[in-house]
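The values are calculated or read from the model by the stated rules, or taken from the named source; none is laboratory data. None of these values were measured; they are calculated from a predicted model. Counting neighbours? That spans all protein chains shown, and the Cβs are built from the backbone with ideal geometry, glycine included.
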Amino acid sequence: MIPFFALASASSAVTALLGSSPVRLYPFGKAPQDVARPYAVWQVIGGSPENYLAQRPDIDGVSVQVDIYGLSAASVRAVRDALRDVVEGAAYITRWGGEDRDYETQNHHASFDADWLVPR
């Protein structure tokens, strides 16, 4: 599917913020309980295959949402910006999500969406 983890984990700017063993970047719902912060999760939220009349498509459009959680707004923004810089080399940022803070965990949060064209 999309090379998001491979690209992000190869970035020294990302691993400086999210660690390297392991990189705290998880598929949605897979972050361990009590994971160190900041961390990020990602999930496919939509997309569509290309359609050609003369042949099978060779590429798919995939929309991904990235959510970042951390102890401070500054840490969340730093991770968001590092991930943005990685993603912009391979996809298009299509939405900046708002920033908020979870009442129970007190985690700060930010998100963005990106659209990828992924060769089959």
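Condition (residue is surrounded by fewer than 14 Cβ atoms within 10 Å (Cβ to Cβ) and on the phi > 0 side of the Ramachandran plot) applied to segment 55-63: is it met by at least one residue? No, the conditions are met nowhere in segment 55-63. Scanning segment 84-116 for residues being touching a residue at least 40 places away in the same chain (Cβ under 8 Å) and either over 15 Å from the mean Cα position of the chain (by Cα) or within 20 Å of A74 (Cβ to Cβ) (or both) gives a total of 7. For segment 94-102, state whether one or more residues are surrounded by 12 or more Cβ atoms within 10 Å (Cβ to Cβ), at pLDDT 95 or above and closer than 16 Å to M1 by Cα. Looking for residues that are surrounded by 12 or more Cβ atoms within 10 Å (Cβ to Cβ), at pLDDT 95 or above and closer than 16 Å to M1 by Cα, one finds none in segment 94-102, hence no.
Looking across segment 26-53, the residues that are hydrophobic (A, V, I, L, M, F, W, C) and free of Cβ contacts under 8 Å to residues at least 40 places away in the same chain come down to F28, A31, V35, A36, V41, W42, L53.
Of the numbered criteria (1) touching a residue at least 60 places away in the same chain (Cβ under 8 Å); (2) within 16 Å of the chain's Cα centre (by Cα), the one D67 fails is (1). Filtered by the rule that a residue be under 13 Å from R101 (Cα atoms), among the aliphatic types (A, V, I, L, M) and buried (at least 22 other Cβ atoms within 10 Å of the Cβ), segment 64-79 gives I68, V76.
The single condition among (1) of a type outside the set (D, E, K, R); (2) touching a strand residue (DSSP E or B) at 6+ places or on another chain (Cβ under 9 Å); (3) surrounded by 12 or more Cβ atoms within 10 Å (Cβ to Cβ) that A82 does not satisfy is (2). In segment 17-40, the residue that is modelled with the lowest pLDDT out of those that are among the small types (G, A, S) and in contact with a helix residue (DSSP H, G or I) (Cβ under 8 Å, 6 or more places away or on another chain) is S20.
State yes or no: is W116 surrounded by fewer than 15 Cβ atoms within 10 Å (Cβ to Cβ) and of a type outside the set (S, T, N, Q)? Here the answer is no, as W116 does not meet what is asked.
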